[in-house]
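Below is one structure, written out as structure tokens, with a few remarks after it.
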Amino acid sequence: MQAEIITIGDEILIGQIIDTNSAWMAQQLNAIGIQVKQISSVADYPADIIVALTLASGRADIVFVTGGLGPTKDDVTKQTLSVYFECGLRRDPKVLAHVESIFQRSNRPMLEINRKQADVLDSSEVLFNERGTAPGMWVTHKEKPYIIMPGVPFEMKHIMVDRVLPRLRNLPGTQPLWHHTMLTAGIGESFLAEKIADIEAALPPHIHLAYLPKPGLVRLRLTAMGESLAALKSETQAIANQLAERIGEHFLADEDTSLEVLIRDFMQRRELLLATAESCTGGNIARLITTLPGSSSIFEGGAVTYSNAMKCELLGVKQKTLTEYGAVSEETAREMALGAQTNFNVDYAIAVTGIAGPDGGTTEKPVGLVWIAVAGKNEIVSRKFLFGHDRAINIERSSVAALFMLWQLLNLEWKANDTDRTAI
């Protein structure tokens, strides 16, 4: 079964808000075997909405509509839908009572425009909305379901979870669909594709491999459709095992996760502490770590040492090192990492120094040059990178590269340790 999602609202098209509803809905629908064929965003204009509905009806088995159900004049969805479905509007007494109770609780006067929130399509079944004033509606038109919901995310999610998804699971025509996602790092998309080309070529017709790249990382997603969910899970797992073995050191996880989550969990289990010393990344590595719940158990702190003076004062980088080799050098990166490790009294420390751009580079040290060092329990590793000219991407790539170096060092230093413990 294939679905289309239509989001309505000028605020999406002018970039005032980001359409997060469609992504969330697609995840929920895929989980129950309904494929999203297309996602469309249209303006608050009746003609545009009708065109979108007409096109969607021709290519999807079920159509979802969000947005434009508010009480003001710019919310035209209900009126347009009544034209499209050739039906009138009725005022639903249960919805009206709910809207009135909301205004009574907040001791606010209720206007006629607010009562119009209880108007629903004559041909619809009401999808009651306890979280807000705009109800959802389920319309069957020419034997095709149309699900209309408010655009406010928490209201839409409530209606989807409590009213829509349980009903969709019982619709005829749904087929088990399974996604198996893997995480890789330190290898580009094209090199990864070449490395696993024969495995991809041998995939059966009902299994598809997708590459989902971002700076420094590539997710691989196996999507399988068939008659048995258990069989799909088993089949994709076997293929994932093949891929993991082929990818080798660049394979991170057999799940849809992030590098920082893997590091947090690894260090938590072993009660290890981490600190950061950042220059060109400006604290982004620390941000990635501390965004995670539970990060306080592994992260002691970080220093953003942009100037040479702060590198010396806070991290103990020698002035001689800066004079002889410069701030962007292997020697400085290593001293930054060791300084952070010592001053924060941690097991591991990451240091990054580079030229993020778009200016500041020289012939010898161009924009995009980055040195990263990671100090561990037994050794310190360092590596030179040469990225591009985009400042934001350079910061992101540097951050991911630093975390990947930490991940590799953690596994190197603790693999033998964990093996010894298991043997004991």
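The values are calculated or read from the model by the stated rules, or taken from the named source; none is laboratory data. Treat the numbers as computed from the prediction; the structure is a model and nothing was measured. Reconstructed Cβ throughout: ideal geometry from the backbone, glycine too, with neighbour counts over all protein chains shown. Only protein heavy atoms, including side chains, enter the accessible area calculation; ligands, DNA and RNA are left aside. Shrake-Rupley method; radii C 1.70, N 1.55, O 1.52, S 1.80 Å.
Please give the helices (runs of 4 or more DSSP H) falling wholly within the stretch 303-360 in which 2 or more residues are open to solvent by 70 Å² or more (accessible area, probe 1.4 Å) and closer than 25 Å to Gln408 by Cβ. Talk me through it step by step, then tell me what you get.
Values: elements: 308-315, 319-325, 330-343.
It comes to 330-343.
Show the residue pairs that are 6+ apart or on different chains and have beta-carbon atoms under 6 Å apart, the first residue being within the stretch 1-24 and closer than 30 Å to Met225 by Cα, the second being open to solvent by 60 Å² or more (accessible area, probe 1.4 Å) and of a type in the set (Lys, Arg).
Short answer, once both residue conditions are applied: Gln2/Lys37; Glu4/Lys37.
If you go through the stretch 376-391 one residue at a time, do you hit one that is open to solvent by less than 70 Å² (accessible area, probe 1.4 Å) and assigned to a helix (DSSP H, G or I)?
First, pick out the residues of the stretch 376-391 that are open to solvent by less than 70 Å² (accessible area, probe 1.4 Å): 376, 380-382, 385, 387-388.
If we keep only those that are assigned to a helix (DSSP H, G or I) as well, we get none.
No - not one qualifying residue is present in the stretch 376-391.
Residue check: is Tyr45 in contact (Cβ under 8 Å) with a residue 12 or more places away in the chain, aromatic (Phe, Trp, Tyr), farther than 25 Å from Phe154 by Cβ and surrounded by fewer than 17 Cβ atoms within 10 Å (Cβ to Cβ)? Walk me through it before giving the result.
Values: in contact (Cβ under 8 Å) with a residue 12 or more places away in the chain: yes; aromatic (Phe, Trp, Tyr): yes; farther than 25 Å from Phe154 by Cβ: yes; surrounded by fewer than 17 Cβ atoms within 10 Å (Cβ to Cβ): yes.
Judged against the criteria, Tyr45 is a match.
Could you check the stretch 123-201 for helices (runs of 4 or more DSSP H) lying wholly inside it with 2 or more residues that are touching a residue at least 40 places away in the same chain (Cβ under 8 Å) and either closer than 30 Å to Asn241 by Cα or among the β-branched types (Val, Ile, Thr) (or both)?
Details: elements: 153-159, 165-168, 189-195, 197-201.
Passing ranges, in order: 189-195.
Inspect the stretch 365-372 for any residue being surrounded by 19 or more Cβ atoms within 10 Å (Cβ to Cβ), modelled with pLDDT of 95 or more, outside any helix (DSSP H, G or I) and in contact with a His (Cβ under 9 Å, 6 or more places away or on another chain) and give the result as yes or no.
So in the stretch 365-372, the residues surrounded by 19 or more Cβ atoms within 10 Å (Cβ to Cβ) come out as 367-372.
Narrowing the set further to residues that are modelled with pLDDT of 95 or more leaves 367-372.
Narrowing the set further to residues that are outside any helix (DSSP H, G or I) leaves 367-372.
From what is left, the residues that are in contact with a His (Cβ under 9 Å, 6 or more places away or on another chain) are 367-368.
Yes, the stretch 365-372 has at least one match.
If only one of Glu364, Glu379 is over 17 Å from Thr332 (Cβ atoms), of a type in the set (Asp, Glu) and without any contact (Cβ under 8 Å) to a residue 40 or more places away in the chain, which one is it? Give the derivation first.
Details: Glu364 fails: over 17 Å from Thr332 (Cβ atoms).
The match here is Glu379.
So Ile39 fits all but one of (1) surrounded by fewer than 17 Cβ atoms within 10 Å (Cβ to Cβ); (2) assigned to a strand (DSSP E or B); what number is the exception?
Of everything listed in (1) surrounded by fewer than 17 Cβ atoms within 10 Å (Cβ to Cβ); (2) assigned to a strand (DSSP E or B), Ile39 misses just condition (1).
Report the residue count in the stretch 1-15 for those that are open to solvent by 20 Å² or more (accessible area, probe 1.4 Å) and either in a helix (DSSP H, G or I) or in contact with an Asp or Glu (Cβ under 8 Å, 6 or more places away or on another chain) (or both). Give the derivation first.
Taking the stretch 1-15 as the starting set, the residues that turn out to be open to solvent by 20 Å² or more (accessible area, probe 1.4 Å) are 1-2, 10-15.
Keeping just the survivors that are either in a helix (DSSP H, G or I) or in contact with an Asp or Glu (Cβ under 8 Å, 6 or more places away or on another chain) (or both) gives 1-2, 10-13.
Residues in the stretch 1-15 being open to solvent by 20 Å² or more (accessible area, probe 1.4 Å) and either in a helix (DSSP H, G or I) or in contact with an Asp or Glu (Cβ under 8 Å, 6 or more places away or on another chain) (or both): 6 in total.
When the stretch 195-234 is examined, which residues are found to be surrounded by 13 or more Cβ atoms within 10 Å (Cβ to Cβ), under 26 Å from the mean Cα position of the chain (by Cα) and among the aliphatic types (A, V, I, L, M)?
Ile196, Ile207, Leu209, Leu212, Leu217, Val218, Leu220, Leu222, Ala224, Met225, Leu229, Leu232
For the stretch 84-97, which positions are within 17 Å of Lys144 (Cα to Cα) and under 38 Å from the mean Cα position of the chain (by Cα)? Full working, then the answer.
First, pick out the residues of the stretch 84-97 that are within 17 Å of Lys144 (Cα to Cα): 84-87.
Within the stretch 84-97, Tyr84, Phe85 qualify.
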